[in-house]
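Bear in mind these aren't lab numbers, they're just calculated from the coordinates by the rules spelled out. This structure is a prediction, so every number in the text was calculated from the model and none was measured. Because the Cβ atoms are built from the backbone with ideal geometry, glycine has one as well, and the counts that use them run over all protein chains shown.
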Amino acid sequence: MITSRRHPLVARFRALQKSEGRREQGLLLLEGTHLLEEVISLGLAPREVLATPAWLQRHPAWSPMPALRPVSESVLAAVATTAHPDGVVLSLPWPDPAAEGPIGFVLALDHLQDPGNLGTLMRTALAAGVEALWLAGGADPWQPKVLRASAGAALALPLQRFEALASRLQQARQQGVQVAASVVPAGDAMAAATPATPYWQLDWTRPTVLLLGNEAAGVAPDLLACCSHHVTIPHSRAVESLNVAVAAAPLLLERWRQQQERMPAISSNAPL
């Protein structure tokens, strides 16, 4: 059992708390039993797993795992980023980047800064059937806070990062894909040039890229100019706008609703 915080393995895990360490090692840091279970369910192989004796007593089935290394409570606390870790952390090779292919439903995010928002959006996107995530700057999608907030969805959702998202959006439009930006009901000068419609009036069953903006500034003007549609969520004037992760849920799930609505109805006389 590893009991010293000066052990080389401890140093490697602690380095994964920062983006530089993750890039250098090509590894992610994940914490908690739930994320370990998600990793295994996705068919991914942890590089190394650190677990306390108490955790192993609660989860004896994991003991034979070749990558598992028992560590003391103090060592686990040193490598974890949470105040109260549940007894297990793991390192995981970076997921493969998203492969290019025909666009069905893509979520594009313009410089989202809050890790919690990004992780929550990933989870909602996966639930809504989003096939890929496009990121233009913002929070590091592989930091532990995002991975925890996504509850493992970050590992299942193909992801691409772009220096120039506008070019990719323009390319999508040239391929016949509708690019819809979420805007506040009042809109701005750029949004007014493309009238915003309530989100449920858009045909979400078409190949679509949904673009969401930064928490404070919204969608950048150059990206708005790339969009074929602007959609909005009508709401009370008591608030100026909705949290981006909250606003995303009805937008993303509307496609799922429309798809289900268009499925042939099951005959009441059909055999069960």
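Set the Förster distance to 25 Å, then compute FRET efficiency between Glu163 and Thr81 from the Cβ-Cβ distance, nearest 0.05.
Values: r = 28 Å, r/R0 = 1.12.
Rounded to the nearest 0.05, the efficiency is 0.35.
Roughly how many nanometres apart are two label points built 7 Å out from the Cα toward the Cβ at Arg47 and Asp222?
Taking the two extended label points, one gets 3.4 nm.
If I stretch the segment between Gln175 and Ser72 completely, what's the gain in nm (0.36 nm per residue apart, minus their alpha carbon distance), one decimal?
Using 0.36 nm per residue and subtracting the Cα-Cα distance, I get 31.6 nm.
Going by C-beta contacts inside 10 Å, put Trp94, Trp62, Trp134 in order with the fewest on the left.
Values: Trp94 12, Trp62 17, Trp134 21.
Least crowded to most crowded, the residues run Trp94, Trp62, Trp134.
Treating the beta-carbon of each Lys and Arg as +1 and of each Asp and Glu as -1, no other charges, what is the dipole magnitude of the range 8-93 about its Cα centre, to the nearest 20 debye?
In total the dipole reaches around 220 debye.
In whole Å, what are the extents of the range 8-93 along the principal axes defined by its C-alpha atoms, from largest to smallest?
Principal extents (Cα only, largest first): 34, 30, 21 Å.
In the range 8-93, what % of DSSP beta bridges are antiparallel (nearest 5)? Don't skip to the end; give the middle numbers.
Details: 9 of 12 bridges.
Roughly 75 percent of the beta bridges in the range 8-93 run antiparallel, per DSSP.
Per residue, what volume in Å³ does the convex hull of the Cα atoms of the range 105-261 enclose?
Convex hull of Cα atoms, per residue: 104 Å³.
Can you tell me how much longer the chain between Arg6 and Gln57 gets when fully stretched, taken as 0.36 nm per residue apart minus their C-alpha distance, in nm with one decimal?
Extra length available between Arg6 and Gln57 comes to 15.8 nm.
Which is the longest run of the chain containing none of the GluC sites (Glu not before Pro) found in DSSP loop states (not H, G, I, E, B) with at most 10 other C-beta atoms within 10 Å?
Longest stretch, sites excluded: 1-99.
Counting Lys +1, Arg +1, Asp -1, Glu -1, what net charge surrounds Thr120 among other residues with beta carbon under 14 Å of its beta carbon?
On the way: positive: Arg123, Lys145, Arg148; negative: Asp114, Glu215.
Counting the neighbours of Thr120, the net charge comes to +1.
Could you please rank Val177, Val71, placing first whichever residue has the fewest other Cβ atoms within 10 Å of its Cβ?
Going from least to most buried by this count: Val177, Val71.
Under a point-charge model restricted to the Cβ atoms of Lys and Arg (+1) and Asp and Glu (-1), what is the dipole moment magnitude of the chain relative to its Cα centre, in debye to the nearest 20?
Here the chain has a charge dipole of around 520 debye.
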